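Some notes on the structure that comes next.
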Amino acid sequence: MKIKTAVFVISNTDIAKCPKELIPEYAFIGRSNVGKSSLINMLVNQNKLAKTSGRPGKTQLINHFKINNEWFLVDLPGYGYAQVSKSKRKNFQGFIADYFLKRKQLICTFLLADIRHEPQKIDLEFMQFLGENEIPFAIVFTKADKLNGSKIHKHLQIFQKKMLASGWESMPMTFVTSATAKTGRDELLNYIDSINELMEEVRE
Ligand code: GTP
Ligand code: MG
């Protein structure tokens, strides 16, 4: 799929204020600093559409970006960021949970995990939350440029083993990406494209 336009629409913490259009929406979630905002920039081929930072806790709002005037990418705050105050952390959880539970346009969630790490407790908990609420998700491994091919393979196996051990019967769709090396871009965009086409068929 070709990205013709990618435009920032609105930021907020209130799902009632999110765009009203009934077009497919894809959200990026994962621990702080995992590379959500960087991946969005890589997908749309822009450096600064989503704000990134070396320090965790950069994205603090629900950010809607409209792509090709046809669908949304949504950048979200990270979960499990210990540095923010407890009250704020609760707030994050509140409006993030609200977003996932109420946003009808949300077609697929991309749950990001650093390719170098095993799934953390909070990742497994978030997957469980998605599963219990029947919210479809795919797993996107980030920062693949940090490992060589055989290590990537090994890590994918470890991740899969841990996920299945935590109660999942099978693995969801997975992608290996690097925002730095721009790998995995076509795979992700083609996946989104195939879902968009499916949605169009359903609407027709
Ligand atoms: P929050 O908004 O704080 O939740 O973080 P985020 O998940 O949006 O992460 P962000 O995109 O801001 O990136 C965090 C850090 O990781 C930055 O220093 C990025 O440059 C770096 N980073 C992101 N993606 C990659 C990648 O593919 N490879 C490498 N080497 N670094 C990456
Ligand atoms: Mg971010």
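Anything in the range 36-45 that is touching a strand residue (DSSP E or B) at 6+ places or on another chain (Cβ under 6 Å) and away from ligand 1 (no atom under 11 Å from the Cβ)? List them, or say none.
Answer for the range 36-45, where residues must be touching a strand residue (DSSP E or B) at 6+ places or on another chain (Cβ under 6 Å) and away from ligand 1 (no atom under 11 Å from the Cβ): just Val44.
Can Ser37 be described as without any contact (Cβ under 8 Å) to a residue 60 or more places away in the chain, within 13 Å of ligand 2 (Cβ to nearest atom) and surrounded by 21 or more Cβ atoms within 10 Å (Cβ to Cβ)?
yes
Give the residues of the range 130-143 that are assigned to a helix (DSSP H, G or I) and either under 16 Å from Phe28 (Cβ atoms) or free of Cβ contacts under 8 Å to residues at least 12 places away in the same chain (or both), sorted by residue number.
Leu130, Glu132, listed by residue number.
Quick one: would you say Gln60 is under 23 Å from Ala113 (Cβ atoms) and open to solvent by 50 Å² or more (accessible area, probe 1.4 Å)?
Yes, satisfied.
I need the full set of residues from the range 46-58 which are within 20 Å of Ala97 (Cβ to Cβ) and more than 8 Å from ligand 1 (Cβ to nearest atom), in order please.
Selection gives nothing.
Tell me, which residue of the range 95-116 that is part of a strand (DSSP E or B) and of a type in the set (A, V, I, L, M) is nearest to Phe159 (Cα to Cα)?
Going through the qualifying residues, I end up with Ala113.
Kindly provide the set of residues from the range 22-35 that are touching a strand residue (DSSP E or B) at 6+ places or on another chain (Cβ under 8 Å) and over 23 Å from Met127 (Cβ atoms), ordered by number.
Within the range 22-35, just Ile23 meets the criteria.
If you go through the range 154-196, how many residues are open to solvent by 100 Å² or more (accessible area, probe 1.4 Å) and either closer than 22 Å to Met42 by Cα or in contact with a strand residue (DSSP E or B) (Cβ under 8 Å, 6 or more places away or on another chain) (or both)?
3
What is the residue count in the range 59-80 for residues that are assigned to a loop (DSSP other than H, G, I, E, B) and either more than 7 Å from ligand 1 (Cβ to nearest atom) or over 15 Å from the mean Cα position of the chain (by Cα) (or both)?
Looking only at that region, the number is 7.
The values are calculated or read from the model by the stated rules, or taken from the named source; none is laboratory data. Note that the structure is predicted; figures quoted are calculated from it, not measured. In this analysis, Cβ positions are derived from the backbone assuming ideal geometry, glycine residues included, and neighbour counts consider all displayed protein chains. Please note that ligands, DNA and RNA were not included when accessible areas were found on the heavy atoms of the full protein model with its side chains. Shrake-Rupley method; radii C 1.70, N 1.55, O 1.52, S 1.80 Å.
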